[in-house]
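The values are calculated or read from the model by the stated rules, or taken from the named source; none is laboratory data. What you are looking at is a predicted structure, and each value in this text was computed from that prediction instead of being measured. Every residue, glycine as well, gets a Cβ built from its backbone with ideal geometry; the counts of neighbours run over all protein chains shown. Accessible surface is based on the protein model in full, side chains and every heavy atom, while ligands, DNA and RNA are left aside. Shrake-Rupley method; radii C 1.70, N 1.55, O 1.52, S 1.80 Å.
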Amino acid sequence: MEEQEVYGMQHEMRAEYEEGSSGRVAGAPVKIWHMVRGSGTTAMCGRELDPDAETRPAEIWATDDSVPFCHSCGAMYLREVP
């Protein structure tokens, strides 16, 4: 993949829920936040996430609004953003 393609790639955060919870239920408890490429459902760490899961903009990564965040996704994300 060319460097330009990586830097132009969009990301967003997507929730992983506690066992038995679903993104279809308002206020479902978030177990951990992951980063995905584009508007995908596969986290950068490889975990498959619910397509109905809550999303948040990548710009809030590393703020209080992104806690708890997947360490593996964070490491991968840092490698892809300038």
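Among 55, 63, 41, the largest mean-square fluctuation in a Gaussian network model of the chain, built with springs joining Cα atoms closer than 10 Å, belongs to 63.
Treating r as the C-beta distance of residue 52 and residue 79 and R0 as 25 Å, the FRET efficiency rounds to 0.30. Length, then width, then depth: along the principal axes, the Cα atoms of the range 2-82 run 40, 23, 18 Å. Only Cα pairs within less than 10 Å get springs; with that Gaussian network setup on the chain, which residue of 53, 62, 28 has the largest fluctuation? Residue with maximal mean-square fluctuation among 53, 62, 28: 62. Springs between alpha-carbon pairs under 10 angstrom, Gaussian network model over the chain: which of 35, 13, 44 fluctuates most? The residue that fluctuates most here is 44.
Expected output is a single nm value to one decimal: the length gained when fully extending between residue 24 and residue 62, i.e. 0.36 nm times separation in residues minus the C-alpha distance. What is it?
Details: separation 38, 0.36 × 38 = 13.68 nm, distance 2.55 nm.
Result for the pair: 11.1 nm of gain on full extension.
In this view, the solvent-accessible surface of residue 71, computed with a 1.4 Å probe and all protein chains in place, comes to about 150 Å².
Accessible area per residue (1.4 Å probe, heavy atoms of protein chains only) ranks 73, 45 as 45, 73, with the largest value leading.
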